[in-house]
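Asks: Please read through the structure below; I'll follow up with questions.
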Amino acid sequence: MSPRKSALEAVATRTRIIGRALEVASADGLEGLTIGRLAADLGMSKAGVIGHFGTKEALQLAVLDAAVERFRLRVPARVVGAEPGTERLGRAFGEWLDFMMEGEGHGGCFLTSAASEFDGRPGPVRDAVIAALTSWSEYVTAELAIAARNGTLPPDTDVDQLAFELNGVVLAAEQAIQLYRDPRAPARARAAITRLLRGVTPPGAERAG
């Protein structure tokens, strides 16, 4: 076997492990990942699984990276062509809500679930979750700042406060979807997001969307 083929096979195996691990963690949390279960599910040895990562924590970080990339492709990447500001944000939050409702059993949002799981556990995984959610918050505040500059929102809009409220709506929707299995949650969240993005528009200004 050539070194190049061997390297490609190693990458493919690692990708396969991460894919299955993401499925397991989506249902049982990152702490629910066990090397034994993954090995059994994938028809591999425990040494073969852990050999691609070194430690369980490294595996968790790899799974989290995969979840972040999946979120990026599913949410912000889909609204790149939208009008910057409130229109883009409204669509992005809508994509996020749709993402929560996808799949059998409605898996919710992996990142917000991981945040709840690791909020009291210092370490690299918690730091990675914080970095991912901070990146999203920066995305939201940047779009709100654009809206404040272009007149869609008042120029004195407290974008940090508004971003906090918008993200709070999605967190409430996540709980309603996951814990209460409330089918009305997405519609309620969309109504709240629309109100937040439109209700502060200056009198006489064209409303977004």
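The values are calculated or read from the model by the stated rules, or taken from the named source; none is laboratory data. Everything numeric here is computed off the predicted structure, so don't read it as measured data. Counting neighbours? That spans all protein chains shown, and the Cβs are built from the backbone with ideal geometry, glycine included.
Asks: Taking the conditions exactly as written (in a helix (DSSP H, G or I) and farther than 25 Å from Leu166 by Cα), does Glu9 satisfy them or not?
Replies: Criteria met by Glu9.
Asks: Considering only the stretch 1-20, how many residues are touching an Asp or Glu at 6+ places or on another chain (Cβ under 9 Å) and modelled with pLDDT of 95 or more?
Replies: Selection size over the stretch 1-20: 2.
Asks: Identify the residue in the stretch 118-140 that is buried (at least 17 other Cβ atoms within 10 Å of the Cβ) and either aromatic (Phe, Trp, Tyr) or not in a helix (DSSP H, G or I) (or both) and, among all such residues, is nearest to the chain's Cα centre (by Cα).
Replies: Once the filter is applied, the top-ranked residue is Trp136.
Asks: Let me ask something additional. Within the stretch 131-140, is even one residue under 29 Å from Leu38 (Cα atoms), out of contact with any Cys (no Cβ under 8 Å at 6 or more places or on another chain) and without any contact (Cβ under 8 Å) to a residue 60 or more places away in the chain?
Replies: Within the stretch 131-140, one or more residues are under 29 Å from Leu38 (Cα atoms), out of contact with any Cys (no Cβ under 8 Å at 6 or more places or on another chain) and without any contact (Cβ under 8 Å) to a residue 60 or more places away in the chain.
Asks: I'm trying to understand the selection: among the residues of the stretch 152-164, which are more than 17 Å from the chain's Cα centre (by Cα) and not β-branched (Val, Ile, Thr)?
Replies: Result: Leu153, Pro154, Pro155, Asp156, Asp158, Asp160, Gln161, Leu162.
Asks: Checking Met101 against (1) in contact (Cβ under 8 Å) with a residue 24 or more places away in the chain; (2) touching a Leu at 6+ places or on another chain (Cβ under 9 Å), which single condition isn't satisfied?
Replies: Tallying (1) in contact (Cβ under 8 Å) with a residue 24 or more places away in the chain; (2) touching a Leu at 6+ places or on another chain (Cβ under 9 Å), Met101 fails exactly one: (2).
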